[in-house]
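Here the structure comes first, spelled out in structure tokens, and everything after it is commentary.
The values are calculated or read from the model by the stated rules, or taken from the named source; none is laboratory data. If you're wondering where the values come from, they're calculated on a predicted model, not measured in any experiment. As a convention, Cβ positions derive from the backbone with ideal geometry for all residues, glycine included, and neighbour counts pool all protein chains shown. Please note that ligands, DNA and RNA were not included when accessible areas were found on the heavy atoms of the full protein model with its side chains. Shrake-Rupley method; radii C 1.70, N 1.55, O 1.52, S 1.80 Å.
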Amino acid sequence: MPQPDQPSYEELAAQNAGLAARVAELLAVVAEQAAVIETLRAEVVALRRQAGRDSSNSSQPPSRDSPAAEAKKKAGRREARRVRPGRPQGGQKGHPGASLAWAARPDETRVIEPGACGGCGADLAGAAGRVASAVQVFDIPPAALTVTEYQMMCRTCGCGQVTTARPPPGVTGGPVCYGPNVVNAATLLASTDVIGIERAADLMAALLKAPVSTGFVSRCLVRLDAALTTAGFEDALKNALRASEVLGTDETPAPLTTAAASEQDCRNPHVYTVRTMRAYTGGGPDLIWYGAAGDRTKASITGFGILDGYRGVLVRDDYGGYLSYDTTLAGVQQCLAHLYRYLDDAYATDPESQVWTRQAGDALREAAAAVRTGRAGHRASLDPALLARLRHSYDQAIAYGISVNPVPALAQGQPPRADPGQAAETQGRPGLAIRHPLRRPGHEQRIGERRPRLQTRRENQRLLAHPRDPAPPLPHPLLPHHRPQPRPPPPHRHPRRPHRQRLDATATSVIN
């Protein structure tokens, strides 16, 4: 018989039901919090990756790297030099080196006397002596402006004609002006690399003791531009670039002021570069063309008039503005610096599923090292067995990358192409250029955005070709489990009306 202070069975059942409901409610809260935590954790990882982007792991220009990124790169270079095995610092054996050569006939010879005797202090004038040692010093004489006055004479001929002499070549303006040497020095400084007008004027005053103004430097550049335009320099340079077998292209954001960037047709200013690749193909000086545009579009690239009609090999990045040229080119090689950054960026998303990027990067780096070694040895080709091994390793890495990442064309809802066409063939030759795994959709081809859509499938995945133990070639670039299936055509939501009649323009057809 139950005690009076003990609850009844019905009360215990009610309490148990209440506790069960409370436990279920708490479990739902815990599940919701776990989902929120997982979402926040993914956002933190994404933000950390975004904050850690610099010129070493994305296409961000080095000028936009943060101080922390610069310090990280310097520390990495120091560590690489510290752990380099068996290689001492300085010039290596066999390096030709470069030093000043002894001049057989110096411009000036000065004899330096010892003065007094180092023992007794007697005067050594007239004492016997010889040359104990000699040193030749190559130096620049102190810079100083010299003023030359030109007096143009006029003479009267017997016929009565008065003729006045013209100023010497290079002397313009007056009555006081700078001479041709100052003009040439200012033009060279202001037109070289990235030295601005103000900096060029400062260097003229500091190094050459010629305190020119910024307006003078600007006029020097205007005269240079006019002379090059008259001589047809740009057209000749573009013709020489189009005749080259290999060209490299690049585009870099231009850091303009707010007022300049707000001008019309200057939404996204960029500096474009087209250059020959002789330093990598056959040696010799390179030709470089620079152009500026207010945006980063295919129209700007076409407006430069260089790549249209070009039939050689183009070395470029993965910017979509160059893709339309692929069908008419002899070959396409993606820039290795961009490929390394893309591979590192993909590896950072998930080191476990994206381990294929390490094998692909190792194959590219080994191929580049083999090319440098062969060029240094003056060889015209590489070992076919080495090339076959590298391509085998690279292709297997890319096959695994395709198997764990969706093809961008399928991600955009487009049906798979049965034949990739000539564009895909040029993407693969020459070199080991990567194709689909790192190709980004068109809307992601913007500045500073390097977010390839890498949807990983971690279940039942294994590495097809380990970097240290390559497997046999794959029969198909995609695993059977991941092969794309054809999609049925979408149903028509609004079918057209059959035999739709047009309204007659007569008065009887007007609806009242």
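So, in region 195-211, of the ones that are outside any helix (DSSP H, G or I) and within 13 Å of residue 145 (Cβ to Cβ), which residue ends up least open to solvent (accessible area, probe 1.4 Å)? Only one residue tops the list, namely 210. Here residue 293 fits the description: at pLDDT below 90 and more than 24 Å from residue 51 (Cα to Cα).
As a summary of the residue check, residue 222 satisfies the conditions (1) touching a helix residue (DSSP H, G or I) at 6+ places or on another chain (Cβ under 7 Å); (2) surrounded by fewer than 13 Cβ atoms within 10 Å (Cβ to Cβ) except for the one numbered (1).
The condition (being open to solvent by 70 Å² or more (accessible area, probe 1.4 Å) and either β-branched (Val, Ile, Thr) or more than 30 Å from residue 278 (Cα to Cα) (or both)) is satisfied by just one residue among 192, 230, 214: 230.
Within region 316-352, the set of residues being open to solvent by 30 Å² or more (accessible area, probe 1.4 Å) and of a type in the set (A, V, I, L, M) comprises 323, 330, 336, 337, 348. Look at region 121-138: where a residue is farther than 17 Å from residue 110 by Cα, no partner that is surrounded by 10 or more Cβ atoms within 10 Å (Cβ to Cβ) and of a type in the set (Lys, Arg) sits 6+ places away or on another chain with Cβ atoms under 7 Å. Residue count for region 32-55, restricted to those that are open to solvent by less than 60 Å² (accessible area, probe 1.4 Å) and over 30 Å from residue 342 (Cβ atoms): 2. Scanning region 322-363 for residues being part of a helix (DSSP H, G or I), touching a Phe, Trp or Tyr at 6+ places or on another chain (Cβ under 8 Å) and of a type in the set (A, V, I, L, M) gives a total of 2. Among the residues making up region 56-67, a single one is open to solvent by less than 90 Å² (accessible area, probe 1.4 Å) and in a helix (DSSP H, G or I): 62.
Here residue 278 passes the criteria (1) of a type outside the set (Val, Ile, Thr); (2) within 17 Å of the chain's Cα centre (by Cα); (3) surrounded by 14 or more Cβ atoms within 10 Å (Cβ to Cβ) except the one numbered (2). No other residue among 292, 376 is open to solvent by 30 Å² or more (accessible area, probe 1.4 Å) and closer than 17 Å to residue 252 by Cβ apart from 292.
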